[in-house]
1. Could you tally the net charge around GLN179, taking each other residue with its Cβ under 13 Å from the Cβ of GLN179, Lys/Arg +1 and Asp/Glu -1?
2. How would you order 165-175, 88-98 from highest to lowest mean count of nearby Cβ atoms within 10 Å?
3. Computed from these coordinates, which is Rg/Rh (Cα atoms, Kirkwood Rh): (1) 0.94; (2) 0.97; (3) 1.21?
4. In a shell of Cβ-Cβ distance under 13 Å around ALA150, excluding ALA150 itself, what net charge do Lys and Arg (+1) and Asp and Glu (-1) give?
5. If amide H atoms are built 1.01 Å from N in the plane of the peptide, which residues on other chains or at least 5 residues away come under 5 Å of the amide H of LEU130?
6. Mean residue ellipticity at 222 nm from the helices of the chain, using -39,500 (n - 2.57) per DSSP H segment of n ≥ 4 over the full residue count, to the nearest 500 deg cm²/dmol?
7. So what is the relative contact order of the stretch 186-237, in percent, for Cα pairs below 8 Å that sit 6 or more residues apart?
8. With an 8 Å cut-off on Cα pairs and a minimum separation of 6 or more residues, tell me the relative contact order of the stretch 147-215 in percent.
Amino acid sequence: MSPIRQNLQAITATIVATSQESGRPPDAVQLLAVSKTFGPEAVLEAVAAGQRAFGENYLQEGVDKILAVQQALGDSGPALEWHFIGPIQSNKTRPIAEHFAWVHTVEREKIAQRLSEQRPAGLAPLQICLQVNISGEASKSGVAPQDVAALAHKVAALPNLTLRGLMAIPEPAEDFDQQRAAFAQLRTVYDQLRADGLALDTLSMGMSADLRAAIVEGATIVRVGSAIFGARHYNKA
């Protein structure tokens, strides 16, 4: 059995067990395999092991990989779901709108408007999460918690987009209770938006080091990379 297949099985078992321990259904959480810096062959290996949803942080690398994987799988291959989870520059929105099904990192109305305008007519609406800077770190992207509601209502009104929920990358913490506390803050913002009438169903939170705490606090998507594909070797900024 390949290492990627073994890792996927182990992560899936952790997700299912943690969900059940938290009183949630075993299929409550989607695993998003973060394949940044790994080539198409790693994605294809994960596909062969049953993985269908992949996250990319770097636009050109992601688009190239999507096309390479599609070519390798052919028309008869399984349908994959590609999520863009990296920072978004306003002059790079068109390829995102054209090639991805989900975007987790919207933090400005201008970006959402451009994604809406540039989403090809033949594709389903782009699924959107707003990135929230839940820990208030100056180095982190994301809208401040107190500003999320205003942005959410504006994005929800745009055509060609479907606002699904919120995403966050909290400040790293090794303590399980500290991890839970950060995710609980995002869950509070999410619950407030739902109470305010927005039909949200997605909390994208939790990565390799803190996915258990995220699941306990209600994550519906966990973004896992190194625990699936191994250590990364960065060749780009």
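1. Values: positive: ARG180, ARG187, ARG212; negative: GLU171, GLU174, ASP175, ASP177, ASP210, GLU217.
Neighbourhood net charge equals -3.
2. Working: 165-175: 19.2, 88-98: 16.2.
By packing density, highest mean first, the sequence is 165-175, 88-98.
3. Recomputing Rg/Rh (Cα atoms, Kirkwood Rh) here gives the entry labelled (1).
4. Working: positive: ARG108, LYS154; negative: GLU107, GLU109, ASP147, ASP196.
With Lys, Arg at +1 and Asp, Glu at -1, the neighbours total -2.
5. GLY165, LEU166, MET167
6. On the way: 9 runs with 99 residues, N = 237.
Taking each H run of at least 4 residues, the total per residue is -12500 deg cm²/dmol.
7. Numbers: 49 pairs, mean separation 14.8, N = 52.
This gives 28 percent for the stretch 186-237.
8. The value is 37 percent.
Quick note: the coordinates plus some simple rules give every number you see, no bench work behind them. Small disclaimer: the values here were computed from a predicted structure and weren't measured. Counting neighbours? That spans all protein chains shown, and the Cβs are built from the backbone with ideal geometry, glycine included.
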